[in-house]
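Have a look at the structure below, then the notes.
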Amino acid sequence: MRPIHCAAVLIGCLCLTVTGVASAQNQPWLADKGYGQGIGYEVGNFVLHPGIAGEFGYDSNMFNRAPNENVAEVWRLRFTPSLSLTNETREKTPQKVRVQAGVSAAYNEYIPAGNTSDDVSDFRNVGVNTNADVTFNPEGRFGGRLFGDIIRTIQPSNLSDTSSAYNRINLRGGGEFIWKPGGGMFDWRLGYEYGAVLFEEDQFDSLNNATHKIFTRGRWKFLPRTALLFDANTAFVRYPHVDANSYLLGSNPLRARVGFNGLMTDRLAMLAMVGWGASFHRTGSVPVENFDSVIGQAQLTFYPTLAPTDGSGQAEAAYTLSSVALGYVRDFENSYFGSFYGRDRGYLRASAFIVQRVVIEGEGGLSRVGFPNLYFADGTQRSGAFHETRYDASFHTEYRVLPTVGINATVTYDKNDSVSLLTAAGSTIEDDLSNDRLQVFVGARWFM
């Protein structure tokens, strides 16, 4: 592999490592149905929610390149049709089976801006997101749930070559058994989930992987607005196409946490989870590096208006009430860059829905990402353990001109302060892993 291609793989694996399983679209109205959907059309026992959005924007670093590289600035056009359905009609009658499903697609067009020499228009493409969720006997003592999604993610590498893009398909599906004795004061879930990541370019077959996960979680409401929580899972991660000389190792990660979630007052909520996680990587052609430490999450949420009283948590109120949240998360993930990475992230999040017309939300975060010793495929050490500092910020606002028409603006900024690493064994060429990226979109959408 030529040095420039080694560099592309290096920075690309880092981007894949930190972003994880990315969605094909990241617009807020797709992520939160309560905000994104309108009244809908009733068709038989179902309610359909169609929508379409158009946006024009600017991207300061399309390929996530380092500042000393040929950074590509582009103008972007993005069109996103979507359709979701549910059998929860306006009458809210009890149901034996609850169905939710959706599909959306995002077409991206890239137009050169600044002095970029890359043929960015070649990267025009369509991301897709489909999902389905079916719950059986949702109000009963015993129930079950089936879920799944298929996501096509579009991600260029830092080369001006569509054949080196990290476009990929993420598959996920599973089910769980649900037990809710005591009128719902206690609920316990046990389930299984299968996931797979499939890269479209043959040269990245070694990054394809499959995961089998067994999980359990539960909640005990010991007060009307307060609950004790627990969750645990174990997974089996495998790379089916790697050979004996690959630096990628399969693993059997294990996590377990206990905690508390509830409204302390009518305006203040607290979430606190703490536990332990371990990565349990398998032996291979490179030395094994493992995560083995505390994991957890803590969050305080303040509601300027009265908070919900069902004790089910903060997420349901995100777009119906104003809220400000301060939180911290510590966890680890498998990495395409080495064995794993650990991340400590603090964040501040705020949202408001004003007079049913103006949506405002923003979030800022600071992360410390830690990597263990890294190795080349031949077993020689690439680098010692190191850390990166990552900054992220996002802001979104929408004004509802009509109940079904909104004008919106979205701004995201990401910055990574990292290190330079050798691109290949025996090479003296280093690649700077630092980068920063600003994306700004303005647009409009119609929704029902």
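The values are calculated or read from the model by the stated rules, or taken from the named source; none is laboratory data. Keep in mind it's a predicted model, so treat the numbers as computed, not measured. Here Cβ is always computed from backbone atoms with ideal geometry, including for glycine, and neighbour counts include all displayed protein chains. In case anyone asks, the SASA skips ligands and DNA or RNA and just uses the protein heavy atoms, side chains included. Shrake-Rupley method; radii C 1.70, N 1.55, O 1.52, S 1.80 Å.
With all protein chains present, how much of the accessible area of segment 45-117 (probe radius 1.4 Å) comes from carbon and sulfur, to the nearest whole percent?
The C+S portion of the solvent-accessible surface of segment 45-117 is 60 percent.
Any chance you could look up the accessible area of Asp133 with a 1.4 Å probe, heavy atoms only, rounded to 10 Å²?
40 Å²
Would you work out which of Val401, Phe147, Val258 lies farthest towards the positive end of the dipole of the chain, given +1 charges on the beta-carbon of Lys and Arg and -1 on that of Asp and Glu, about the Cα centre?
Of the candidates, Val258 comes out farthest on the positive side.
Name the lysines eligible as straight-distance cross-link partners of Lys96: C-alpha to C-alpha under 26 Å, and not fewer than 8 places from it in the same chain.
In chain and number order, the partners are Lys33, Lys180, Lys221.
Taking a point 7 angstrom from the Cα of Tyr41 along the C-beta vector, which residues in segment 418-448 have backbone N less than 14 Å away?
Output list for this probe position: 447-448.
What ranking of Arg345, Arg368, Arg76 comes out by heavy-atom accessible area, probe 1.4 Å, highest first?
The ordering from most to least exposed comes out as Arg368, Arg345, Arg76.
May I ask you to give the percent of accessible area on segment 154-194 that is carbon plus sulfur, with a probe radius of 1.4 Å?
Carbon and sulfur together cover 64 percent of it.
Let me check I've understood the local charge: for Arg217, count other residues with C-beta under 15 angstrom from its C-beta, Lys and Arg +1, Asp and Glu -1. What total comes out?
Summing Lys/Arg as +1 and Asp/Glu as -1 gives +4.
Given points 7 Å out from each Cα along the Cα-Cβ axis, report the Val405 to Ala256 separation in nanometres with one decimal.
With each label placed 7 Å out from Cα toward Cβ, I get 5.8 nm.
At Leu190 and Thr283, where each label point lies 7 Å from the Cα along Cα→Cβ, what is the point-to-point distance in nanometres?
3.3 nm
If R0 is 45 Å, what FRET efficiency do you get for Ser383 and Tyr107 from their C-beta distance, rounded to 0.05?
That pair, Ser383 with Tyr107, gives E of 0.70.
Rounded to the nearest 20 debye, what is the charge dipole size of the chain about its Cα centre when +1 sits on each Lys and Arg Cβ and -1 on each Asp and Glu Cβ?
Dipole of the chain, to the nearest 20 debye: 1740 debye.
Please list 3J(HN,Hα) in residue order for segment 167-174, calculated via the Karplus relation 6.51 cos²θ - 1.76 cosθ + 1.60 where θ = phi - 60°; whole Hz, with x for glycine and proline.
4, 7, 10, 10, 10, 8, x, x
Any idea of Trp179's accessible area? Nearest 10 Å², probe 1.4 Å.
Accessible surface of Trp179 is approximately 80 Å².
Mind checking the dipole of segment 391-448: about its Cα centre, +1 per Lys or Arg Cβ, -1 per Asp or Glu Cβ, Debye to the nearest 20?
520 debye
Per residue, how large is the accessible surface of segment 225-310? Use a 1.4 angstrom probe and give square angstrom.
Each residue of segment 225-310 exposes 48 Å² on average to a 1.4 Å probe.
I'm a student and want to see the number: the projected area of the Cα convex hull of the chain, averaged over all directions, in nm².
Projected area, direction-averaged: 21.1 nm².
Rounded, prolate or oblate for segment 196-240? Axes are the square roots of the Cα gyration tensor eigenvalues, ordered a ≥ b ≥ c, and the cut-off for rounded is a/c under 1.5.
Verdict is prolate for segment 196-240.
Leaving ligands, DNA and RNA out of it, rank Val274, Val294 by accessible area with a 1.4 Å probe, largest first.
From most exposed to least exposed: Val274, Val294.
Once you keep just the Cα pairs under 8 angstrom separated by 6 or more residues, what percentage relative contact order results for the chain?
Across the chain, relative contact order equals 13 percent.
Express in Å², to the nearest 10, the accessible area of Thr211 obtained by rolling a 1.4 Å probe over the protein heavy atoms while all chains stay in place.
Probe radius 1.4 Å; accessible area of Thr211 about 30 Å².
Search the structure for amide H atoms under 5 Å from the amide H of Gly250, placed 1.01 Å from N in the peptide plane, and list their residues when 5 or more places away or on another chain.
Tyr239, Arg282
List the residues of segment 56-85 whose backbone N lies under 20 Å from a point placed 7 Å from the Cα of Trp446 along the Cα-to-Cβ direction.
Answer for segment 56-85: 56, 78-85.
Tell me which of Ile214, Ala105, Pro224 sits at the most positive position along the dipole axis of segment 104-232, charges placed on C-beta atoms (Lys, Arg +1; Asp, Glu -1).
Going by the Cα projections, it comes out as Pro224.
Considering the options Asn115, Pro28, Gln203, tell which one lies farthest towards the positive end of the dipole of the chain, charges being +1 on Lys and Arg and -1 on Asp and Glu at the Cβ, about the Cα centre.
Most positive-ward Cα: Pro28.
Can I get the semi-axes of segment 40-89's equivalent ellipsoid? Compute them from the C-alpha gyration tensor as square roots of 5 times the eigenvalues, in angstrom, largest first.
41, 11, 5
With all protein chains present and a 1.4 Å probe, how do His281, His241 order by accessible area, largest first?
His241, His281
Can you work out the accessible area per residue across segment 67-220, with the rest of the protein chains kept in place, probe 1.4 Å, in square angstrom?
49 Å²
Test of understanding: what is the full-extension gain from Ala350 to Asn137, defined as 0.36 nm times their sequence separation minus their Cα-Cα distance?
73.2 nm
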